[in-house]
Structure formats: structure tokens, C-alpha cells
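*Asks:* Take a look at the following structure, please.
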Amino acid sequence: MGHAQIKTVTSREFVHNVSAAKRVASEGGTVIITDRGEPSLALIPISEYRRLTKSDKNLVELLRMPEADGIEIDFEPVHIEAKDIDA
């Protein structure tokens with residue numbers, strides 16, 4: 001099997017021939033859909049989508065990753081008010 005096909009189509013071409021785009025993706029390829037000459041969407045096989053979005057790591061493991069150094073997270077402080085307990 002050769003390299004996965006990457007096909008670029010305009011949004012107008014996509015609307016007029018959705019089945020051709022689906023065929024490319026179902027065969028393992030990628031369809032890039034442009035809007036006014038700029039890439040705006042990608043049609044990919046569901047298996048590729050699942051591979052790209054799968055993560056077996058939890059938040060702590062992700063934050064330990066060297067790539068996480070550039071990620072800024074702003075947590076809101078939590079305020080807990082203590083109440084007296086009636087005996």
C-alpha cells in the first residue's frame with residue numbers, strides 16, 4: 001500500500017461532490033477543504049481521528065511532559081468557609 005492520499009478541494013467542489021471526498025477518506029486519505037483559498041477543514045478517516053484524540057494519560061502525566069512547559073493554566077482560587085457545628 002502506498003502513501004495516504006491528500007486531496008485539496010474548494011468548499012464549492014466539496015459540496016458538489018461529497019461522495020468523492022468520502023471515498024478518499026474511506027480509503028485512508030485526507031481531504032483538505034478550503035474556504036476562499038485558505039485551508040479550513042479536514043476530512044479524515046474515523047480511525048485516524050480516534051488515534052489523534054486518544055490519550056491514556058491523566059492530567060498529572062500530561063503536565064509532567066516537557067512540552068507542557070509552555071502551557072499556561074489559570075486556576076481560580078477556592079474559598080471554603082468553615083461553619084460551627086452545633087453539639
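The values are calculated or read from the model by the stated rules, or taken from the named source; none is laboratory data. Keep in mind that this is a model prediction, so the values were computed, not measured. Methodologically, a virtual Cβ is constructed for each residue, glycine included, from the backbone with ideal geometry; neighbour enumeration extends over all protein chains shown.
*Asks:* From the list Glu81, Glu48, exactly one residue is farther than 30 Å from Arg12 by Cα and at pLDDT 75 or above. Which is it? Please lay out each step first, then the result.
*Replies:* Details: Glu48 fails: farther than 30 Å from Arg12 by Cα.
Result: Glu81 is the single residue among Glu81, Glu48 that is farther than 30 Å from Arg12 by Cα and at pLDDT 75 or above.
*Asks:* Just name the residue that is surrounded by the fewest Cβ atoms within 10 Å (Cβ to Cβ) out of those in the range 1-40 that are part of a helix (DSSP H, G or I) and small (Gly, Ala, Ser). It would help to see each step written out before you state the result.
*Replies:* Of the residues in the range 1-40, the ones part of a helix (DSSP H, G or I) are 11-16, 18-26.
Those still in the list that are small (Gly, Ala, Ser) too: 11, 19-21, 25-26.
Working: Ser11: 13, Ser19: 6, Ala20: 13, Ala21: 20, Ala25: 19, Ser26: 11.
Once the filter is applied, the top-ranked residue is Ser19.
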